[in-house]
Amino acid sequence: MSKKRNKRKESIELATQAGATAEVVGRYGSASKQHLVAYSGQDNEVGKTLKRGLKKTSESKVNPEYREQNIKQQAGFAAEDKYTARQNAEKVINGDKTRYVRTDDLGRVNDPLYDHILLDENGIEIPGTGEQMKFVGSSPKTCLNKLESKEFQKYLDADARITVPSDYYKDIIQEADNRILSLEKQLARAKENNNSELAESISKKIDKVHKIKKSVKNSGITNKEAIFARMYPKLSTAKDMVKISHRAGIEQAKTGALIGGSISLIKNVVAVSKGEKDATSAAKDFVKDTGKGAITAYATAFAGSAIKAGMQNSRNSTIRVISKGNAPAAIITSTIDVSKSLISYTKGDISGADCLAEIGEKGAGNMSAVMFSIVGQTIIPIPVIGAMVGSIIGYTLSSTFYNTLRASLKEAQVSHEKRIRVEKECAEAIEMISLYRAEMNALAQKYLSHYRMIFDEAFRGLDEAFLSNDINLIIENSNKITIALGGTAQFHNMEQFNDFMESNENFNL
């Protein structure tokens, strides 16, 4: 296989990885966005301004004479925003539609009982979910002392959950157990002495400590993290976003290894059967490709989720709309793809003209892959597979269009050369179409063997569509798979797709 075909094949595989990454990038990117909202105090996606936000809290005034006390108090405010972001980020990742919100951000400033409440997916408060955050005391023991005081009785009477620093939580529970044990001994002595009044007083104390123990909740935020968020809000936000991006990368690496390994297995089995490779070389290449697929997927999901978060909370409405597609992942894969051309140029493997040509083709290809991955997921509503197919279609078609345009610039001078090259390109394109049809058929046979006949018919139609550049035929044959799998086709031709794009309706991905 020529170097040019190898490069094109690698580009298509990158586009495939981007398509397969869409769901993970979307989910973890939306989770990371919660931290950007907590930092800026602005949720641009829904047009909501928070009461504070980490940035505003960090700008609070501090009295030099009471610096430590002021910082600790303000760290409590930072902890509230941090808690909201972390809780909601986990809910996004887990597909939970409920959301925590600060009562201050609902207009209930200085609510006498609750700092946080839980809303259902319609934005309605869920009864009995009120929480009061208490980052108080210099130790778990002094924190428990404050919770036992009369000042905090109202929270216990309201059955509010009391969120405490995570570095205090276990010790508060242990201290509560010790106090209960001590009080029970005092109660036994009071009863032995027939002191009913004292016994009743001690019983009430025991009940109160039991209720405190039941009410306290681990906030998942340490005192140090709260102070760090107050002092360095940007760094604190970045740390949480990096953790989420890492989780996205790890999750997607598994799928990336599967995709890279599946495609590599097909290539190497064919190569061995043709005598182009021996079994040992094929096995080594398989392991290498599988690892490469995992690494690419990790990098795409890691960076893509962070980019998605920024785009989703952008002040620019156009950027927010684009973030709903697969643009974040495609930006990363496009960067990886284009960088290969630049490295080849710096090594002297290709000329400057070839470098620019490759960058143009890859740039056009990857941007089209973004659009078609959305279309693919829409017309083939199967997680991963629809986006993969869409990315392959988008990359293949756009690369063909770009090459045609580039070749036309030299038509007058090199018509004979152009004819030979175009014929060669067509032959390579047909071979590539056949290759990916075989690969996708293999995946379909593995996971959807009972739909094999449907896939065969659909892919035959897609072959014809590719060769004739008929987008309506692509949609028609993709719809066969959608309908057979119990889905509903949203578009039946390009005209309907254009009408839909011009309407105010949203994509149902």
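In this structure, the residue pairs whose Cα-Cα separation is over 26 Å, taken from Lys185/Lys213; Lys72/Lys308; Lys48/Lys234; Lys55/Lys213; Lys61/Lys211; Lys91/Lys288, are Lys72/Lys308; Lys55/Lys213; Lys61/Lys211; Lys91/Lys288. By other beta-carbon atoms within 10 Å, ranking Thr21, Thr280 with the fewest at the front produces Thr280, Thr21. Remark: Lys61, Lys308 ranked as Lys61, Lys308, counting other beta-carbon atoms within 10 Å and listing the fewest first.
Taking every DSSP beta bridge that has both residues in the stretch 33-231, what percent is antiparallel when rounded to the nearest 5? If I count the DSSP bridges inside the stretch 33-231, around 55 percent turn out antiparallel.
Every read-out reported here was derived from the displayed coordinates using simple, explicitly stated rules and does not represent laboratory data. For clarity, every value in this text was computed on a predicted model and none was experimentally measured. So basically every Cβ, Gly included, is an ideal-geometry build from the backbone, and we count neighbours across all protein chains shown.
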